[in-house]
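The values are calculated or read from the model by the stated rules, or taken from the named source; none is laboratory data. The structure displayed is predicted, hence computed values, not measured ones. Methodologically, a virtual Cβ is constructed for each residue, glycine included, from the backbone with ideal geometry; neighbour enumeration extends over all protein chains shown. Keep in mind that these areas ignore ligands, DNA and RNA; they rest on the heavy atoms of the full protein, side chains included. Shrake-Rupley method; radii C 1.70, N 1.55, O 1.52, S 1.80 Å.
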Amino acid sequence: MGKKVLAIYYSQSGQLADMVARLTSPLADAGASVEIVRIEPVPAYPFPWTRERFYSVMPDCVLGVTSKLAPFTLKETAYDLIVLGYQAWFLYPSIPVNTLLHEPAFRQVMNNTPIVTITGARNMWLNTFLELKKLIRSAGGRVVGNIALVDRHPNHISFFTVLHWLMGGKKDRYLKIFPLPGVSAADISHATAYGKTLVACLKGNEWSDLQPELIRQKAVNTRYSLVLLESIAIPTYTKWAGFIVKRKKRKAWLTVFRYYLLFSLFVAAPILLAFNAALIRPFSSKRMKEKTSHYLSLN
């Protein structure tokens, strides 16, 4: 095919690496030159995380603070397609991905280039994608598709299973009774099908129908309950981050924030969703559809 593709991502656990490999394998099979680059932050973030280190990154994530990346070299100065693998940390782009999108050399490569984004998330990725779009467009890049694979288990269940994975380092069943954490093996394997969809677009350099097709294939989906909770959480996280960075006893306030999250998830969120389902949702179906479609759209 003679097309040049760059797949660039950051991954701690290896889950996103598997997703990127599955997505790009049909491109390589079709004859495209696929260059896969894994960025590395300096210093590296631990995996598994410690609880203190995990919560310590929240303010910088929310406030968009960049860090440093280990030097990396790209083989080309321009590509026919960029596949960007990203993850959400505290509802915002992870610090390594945010840093990458501020790198002058990479921003130059993104200019006037079609970009497909892919994430593996617990369940909330919406605001992260909006922030990514802003950064990509500010560099002249064109977001032509978004793929979001998520943990399909209920919000309260995945909270325990994913936290067990992040803190323990093993993708196994918490207490041997909970389901496996993260994106399922079947969903990761199915990313190959989305890669085949990319092949057709890449061959003709025609991207206008890609996102509608990915939506039809259920490569990306939204749930109104999560849209609602995330839209409420964003301004709250912003206030917390701005407050914590100004405190001398930052660790103590991060502990307070951790307990706030637990309260929000197990007490406030169920009450809010019940109230919304009883008194608001029945009378706002049009608004709900508009809000969910807003996150599926690339505009």
If you line up the long axis of helix 155-168 against the longest principal axis of the chain, both from Cα atoms, how many degrees apart are they, to the nearest 10?
70
As a quick test, which of the pairs 4/289; 4/291; 133/289; 170/251; 134/176; 68/248 have an alpha carbon distance above 32 angstrom in this structure?
4/289; 4/291; 134/176
Can you give me the convex hull volume of the Cα atoms of the range 6-163, divided per residue and expressed in Å³?
110
How big is the accessible area of residue 156 in square angstrom, nearest 10, if you roll a 1.4 angstrom probe over the protein chains?
70
Quickly work out the residue 277-to-residue 238 label distance, labels modelled 7 Å from Cα along the C-beta direction, and quote it in nm with one decimal.
3.0
Using label points projected 7 Å from each Cα along Cα→Cβ, tell me how many nm separate residue 294 and residue 258, to one decimal.
3.4
Once the Cα atoms of the chain are picked out, what are the Rg and Dmax in Å?
19.3, 57
Once Lys and Arg are counted +1 and Asp and Glu -1 for all other residues with Cβ under 10 Å from that of residue 195, the total becomes +1
Residue 236 accessible area, assembled protein chains, probe 1.4 Å, Å²
40
Relative to the chain, whose Cα atoms define the longest principal axis, helix 224-244 and its Cα axis are tilted in degrees, nearest 10, by 80
Debye, to nearest 20: dipole size of the chain, +1 on Lys, Arg Cβ, -1 on Asp, Glu Cβ
1000
So for R0 = 51 Å, FRET eff. of residue 285-residue 108 from the Cβ-Cβ r, to 0.05, ends up at 0.70
Report residue 134's accessible area, 1.4 Å probe, all protein chains in place, as a number in Å² to the nearest 10.
130
Please give, to one decimal in nm, the separation of the simple spin-label points placed at residue 206 and residue 268, each 7 Å out from Cα toward the Cβ.
4.9
GNM on the chain, C-alpha springs below 10 Å: top fluctuator among 161, 255, 113?
255
Over the range 172-299, give the accessible area per residue in Å² for a 1.4 Å probe, as an integer.
60
Helix-only [θ]222 nm of the chain, DSSP H runs n ≥ 4, -39500 (n - 2.57) each, per residue, nearest 500:
-15500 deg cm²/dmol
1.4 Å probe accessible area per residue over the range 39-105, in Å²
44
Quick one: angle between helix 285-296 and the longest Cα principal axis of the chain, in degrees between 0 and 90, rounded to 10, please.
50
